[in-house]
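The values are calculated or read from the model by the stated rules, or taken from the named source; none is laboratory data. Keep in mind the model is a prediction, meaning the values are calculated, not measured. Ideal geometry is used to build each Cβ from the backbone, glycine not excepted, and the neighbour counts take in all protein chains shown.
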There are 2 protein chains.
Amino acid sequence: MNQLKQLNDRIIRRVNVNLEEFDFDTESFVTNTLDHDKMMKFYAFYGITSQHPIYFHFKNSNIAGSYFLGKCHVGRSAIYKSDVRGDELKRKGDNLHYKIEVPLVEDEMITIRDSLLYKTLVHSNSHNLESPEEFGIRNTISAHYANIHGSTLEGCFLGPFATVDLMNLHSCIVGEFSYVQAGELFHRKIDPGTVWIRHPHFEFKYKFKKDVLDNYVGVNSSYQPRGIIYDFVKEREQDYEKLFDVMHLEPIKAPSTSAVNRYAVVKGKINIGENVLVAQSAFLDNAIMGDGSNAQENSYIIHSNLKGKNVTAHGGKIIHADMGIETFVGFNSFLNGKPDARIKIGDGCIVMPHTIIDPDVPIKIPGEHLIWGYIKSEADIETNTIALDDLAEVRDTLQIGKMKFTGMGSVFIEAFRKRIGQILLANGALFNDGEDRGHAQDDQNISFNIIQPYSTGERKGLYPSIRIKP
Amino acid sequence: MNQLKQLNDRIIRRVNVNLEEFDFDTESFVTNTLDHDKMMKFYAFYGITSQHPIYFHFKNSNIAGSYFLGKCHVGRSAIYKSDVRGDELKRKGDNLHYKIEVPLVEDEMITIRDSLLYKTLVHSNSHNLESPEEFGIRNTISAHYANIHGSTLEGCFLGPFATVDLMNLHSCIVGEFSYVQAGELFHRKIDPGTVWIRHPHFEFKYKFKKDVLDNYVGVNSSYQPRGIIYDFVKEREQDYEKLFDVMHLEPIKAPSTSAVNRYAVVKGKINIGENVLVAQSAFLDNAIMGDGSNAQENSYIIHSNLKGKNVTAHGGKIIHADMGIETFVGFNSFLNGKPDARIKIGDGCIVMPHTIIDPDVPIKIPGEHLIWGYIKSEADIETNTIALDDLAEVRDTLQIGKMKFTGMGSVFIEAFRKRIGQILLANGALFNDGEDRGHAQDDQNISFNIIQPYSTGERKGLYPSIRIKP
């Protein structure tokens with residue numbers, strides 16, 4: 001156990017050095033998060049497929065509950081209950097486009113060194129032009145259900161349910177339930193509940209009221225999460241534990257073009273269409289997954305109907321809802337319908353990341369709308385949505401309720417549509433006649449390998465150093 | 001799947017080259033043994049502890065159901081449902097004693113390359129003076145429940161339930177249910193049902209009658225096993241499958257000085273004494289394991305009472321029997337008592353490897369006897385046992401029934417006693433007050449790691465290359 005404690009202490013010290021200017025001490029967060037005895041009981045596991053080139057290398061790590069599909073290098077790290085997913089890494093010869101072409105001289109690797117992540121998704125597909133061969137996460141501590149999505153990080157702290165998306169962060173603190181996609185940031189502190197997209201041609205900003213945030217994702221003095229959304233995921237943790245108790249599970253009935261991950265929770269009446277991806281640690285309970293729809297890692301689809309080509313991003317929660325064709329639900333959104341207060345989202349709607357819809361009456365949002373912020377009643381619809389056609393007209397500034405948009409609305413919509421198209425393509429939603437294979441086709445036959453830490457001695461709680469190549 | 005087939009073909013060809021003079025073709029054996037589709041469903045697993053230095057290196061291997069506790073190197077191998085146990089490997093600086101001292105310049109490694117083993121135990125502790133740093137098994141095919149016990153092998157075929165013990169074999173065929181401990185053999189074919197110990201100062205030889213052998217361990221034209229002993233293990237295979245279905249098992253109640261392996265089958269009423277070792281893949285059903293007794297890999301203790309310091313070697317089967325203090329039951333022995341025909345073995349008895357006792361009436365053998373061969377009735381006791389005191393008197397030749405002993409009886413007994421003492425010591429049976437730790441104390445907290453082969457593509461059925469260091 002001694003060496004595991006030493007490892008944790010070292011990580012805490014390194015992150016604290018990076019965050020010194022903010023007078024931010026990660027020690028109490030880590031101390032309160034990590035139950036060393038519990039860490040002994042978790043298995044780490046990694047998935048391999050014939051589609052993804054691997055180079056796993058875990059060294060003196062505690063990597064409980066991990067999930068690696070592609071190349072990966074993990075240093076002296078403790079990654080706790082994490083999903084690390086390397087199936088969209090760039091390969092040797094690929095080009096990054098940025099004014100000039102930036103060709104990769106070797107396969108991209110995920111490198112995680114001296115980092116302590118807790119229940120955090122790391123999804124590859126980085127956009128760091130400075131180190132295209134290396135997706136690095138250094139000296140970073142990340143709290144419960146944070147998403148590190150294609151973002152390289154150095155010396156950062158991410159609060160619970162925070163998301164950093166397609167960017168590069170250096171010595172930053174991202175508050176709880178904040179979503180940031182802002183290119184590159186240095187030495188910044190992002191307030192809790194901020195939803196911020198910054199792009200050369202537009203900017204989107206929304207900030208949750210403090211009382212709303214406290215109600216849904218609050219933190220205590222040591223940054224431990226509490227609130228409605230945390231309670232929601234906490235209540236369902238037990239269902240996941242069952243998946244780890246049994247080696248063989250009856251496969252879920254699904255067409256041959258669809259993948260339902262063995263480590264997804266699937267309960268109640270389920271209907272899986274063609275080209276559907278249900279990722280590891282997704283949660284389905286009485287769900288209709290229409291053709292080409294997906295449920296990404298840590299998403300929840302409960303008593304809901306997804307009509308087709310629906311994207312449910314990492315951590316998105318859809319409850320008692322009817323989702324039209326090609327709706328997009330962003331990271332960590334919480335669509336909390338009730339049996340007598342269903343949520344109906346029309347075709348082609350874009351639900352921004354970190355949106356909360358939690359109504360007591362039925363809510364219906366027409367097709368082709370952008371949806372953000374906090375919708376509790378029918379009245380909130382007006383201040384938290386806009387028709388995409390109206391947004392496309394914006395050329396300068398738009399302020400609706402607490403949301404502020406500046407720049408070209410049409411460019412924003414175009415960029416969003418392009419990204420949704422890429423996500424559908426990558427996930428295999430457009431697979432047809434052998435063309436456009438994606439995760440739904442490639443991830444059907446993952447072999448999962450399970451590793452455990454030393455259970456006694458100096459190295460108790462750590463794993464041996466493991467290197468895995470094809 | 002292609003590459004797995006290629007690997008098998010290559011191994012078959014290599015072994016056949018080694019065995020050319022015997023006109024022995026291993027292909028039909030392998031073809032009839034390996035069900036490739038079934039191989040996909042097996043997990044390989046390896047155990048790690050804080051006590052055993054590891055250096056696992058699996059390369060292009062199919063190593064289903066393996067079990068490695070110490071240093072190991074596996075080449076381009078298919079090892080199917082095997083136990084490979086490296087917890088008694090010699091370490092750098094150790095000395096082998098043989099006329100002169102032979103010090104080891106580095107830790108001993110198990111090396112298995114281009115070998116296909118099937119449900120075969122490989123136990124370390126080799127005695128090869130020529131390569132003390134390497135325990136090698138090359139181009140070898142081994143059938144169901146064969147024991148490779150501290151024996152280096154090259155170009156060999158071992159039949160079902162064969163045992164090679166503390167020796168070196170080159171281009172040999174060992175027939176089904178044969179036990180050989182004969183130093184070093186080159187280009188030899190050992191007849192089925194031979195029990196043969198050759199030592200500079202004595203020799204022990206026994207050969208089962210053909211009809212008895214056919215009844216207990218026969219083989220068909222492609223060397224697949226059949227018979228009473230094979231049926232016995234086959235009937236219990238299902239109980240093992242359950243162990244692999246579930247990740248967590250309630251630990252068996254045992255004193256803190258004893259180890260009951262998580263991959264042992266434990267049924268019915270069980271009593272575990274102090275310093276007891278129940279190894280992986282042992283089978284206990286209504287058993288009393290007295291202080292310091294052990295049940296080694298693939299042994300079965302059913303409706304039996306082991307009084308204390310009992311050794312049950314790999315594959316030993318003890319059914320409806322009462323075993324006195326310090327009895328030794330050798331490899332693959334089959335003590336098949338019945339409720340109304342119990343077997344009672346007195347204190348200090350030595351049951352030779354590959355002994356069959358299968359009575360219809362109660363059988364009682366007094367203490368301090370050597371027991372061998374085939375005992376079906378009371379009358380057989382006379383021709384298949386001898387008091388150790390009487391054997392100690394032998395200075396030249398002794399023939400009893402089908403057993404022939406030549407040499408010094410006292411040296412034989414002394415060598416056997418010494419070895420039993422070493423086994424008890426190694427297994428932790430003599431642990432007292434922190435002194436004389438052994439497997440019973442060191443193997444209590446094994447972390448088991450589970451790996452699966454690729455399930456699709458060219459490499460289907462093979463594993464990635466895995467390297468594991470502390």
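Structure data summary
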| quantity | calculated |
| --- | --- |
| Which numbered condition A:D436 fails, given (1) away from chain B (no Cβ under 14 Å); (2) under 19 Å from the mean Cα position of the chain (by Cα) | (2) |
| Failed condition for B:Y240, given (1) away from chain A (no Cβ under 14 Å); (2) under 22 Å from B:G315 (Cβ atoms); (3) not in a loop (DSSP other than H, G, I, E, B) | (1) |
| Where a residue in region B:2-28 is free of Cβ contacts under 8 Å to residues at least 60 places away in the same chain and its partner, wherever it lies, is surrounded by 17 or more Cβ atoms within 10 Å (Cβ to Cβ), with Cβ under 8 Å and at least six apart | B:N16/B:T26; B:D25/B:N16; B:E27/B:I12; B:E27/B:N16 |
| Odd one out for A:K71, checked against (1) within 14 Å of chain B (Cβ to nearest Cβ); (2) touching a residue at least 60 places away in the same chain (Cβ under 8 Å) | (2) |
| Selection from region A:349-364 of residues that are touching a Ser or Thr at 6+ places or on another chain (Cβ under 9 Å) and either crowded, with 22+ Cβ neighbours inside 10 Å or within 21 Å of A:E414 (Cβ to Cβ) (or both) | A:C349, A:I350, A:V351, A:M352, A:P353, A:H354, A:T355, A:I356, A:I357, A:I363 |
| Matching residues in region B:441-456 - criterion: being in a loop (DSSP other than H, G, I, E, B), of a type outside the set (F, W, Y) and within 7 Å of chain A (Cβ to nearest Cβ) | B:N445, B:Q452, B:P453, B:S455, B:T456 |
| Residues (in contact with a helix residue (DSSP H, G or I) (Cβ under 7 Å, 6 or more places away or on another chain) and free of Cβ contacts under 8 Å to residues at least 60 places away in the same chain) located in region B:430-470 | B:D436 |
| Region A:457-469, subset in a loop (DSSP other than H, G, I, E, B) and surrounded by fewer than 17 Cβ atoms within 10 Å (Cβ to Cβ), residue nearest to the other protein chains (Cβ to nearest Cβ) | A:G457 |
| Residue under evaluation B:D37, criteria (1) in a helix (DSSP H, G or I); (2) crowded, with 20+ Cβ neighbours inside 10 Å, criterion not met | (2) |
| Residue identified as of a type outside the set (K, R), touching a helix residue (DSSP H, G or I) at 6+ places or on another chain (Cβ under 6 Å), more than 14 Å from chain A (Cβ to nearest Cβ) and closer than 29 Å to B:E176 by Cα among B:I423, B:I375, B:I371 | B:I375 |
| Residues of region A:157-192 satisfying the condition of being assigned to a loop (DSSP other than H, G, I, E, B) and in contact (Cβ under 8 Å) with a residue 40 or more places away in the chain | A:G159, A:P160, A:F161, A:L166, A:M167, A:S171, A:E176, A:F177, A:S178, A:H187 |
| Within region B:245-270, tally of residues that are assigned to a loop (DSSP other than H, G, I, E, B) and either under 25 Å from the mean Cα position of the chain (by Cα) or within 13 Å of chain A (Cβ to nearest Cβ) (or both) | 14 |
| Selected residue [under 25 Å from B:N2 (Cβ atoms), buried (at least 20 other Cβ atoms within 10 Å of the Cβ) and β-branched (V, I, T)] from B:V30, B:V84 | B:V30 |
| Which listed residue, of A:V174, A:V195, is in contact with a strand residue (DSSP E or B) (Cβ under 8 Å, 6 or more places away or on another chain), surrounded by 23 or more Cβ atoms within 10 Å (Cβ to Cβ), among the hydrophobic types (A, V, I, L, M, F, W, C) and closer than 15 Å to A:I148 by Cβ | A:V174 |
| Top-ranked residue in region B:185-201 [being modelled with pLDDT of 95 or more and more than 20 Å from the chain's Cα centre (by Cα); ranked as farthest from B:S171 (Cα to Cα)] | B:K189 |
| Selection status of B:I112, buried (at least 24 other Cβ atoms within 10 Å of the Cβ) and at pLDDT 80 or above | yes |
| Residue list for region A:311-366, filter: among the polar types (S, T, N, Q) and closer than 22 Å to A:V212 by Cα | A:N332, A:S333, A:N336, A:T355 |
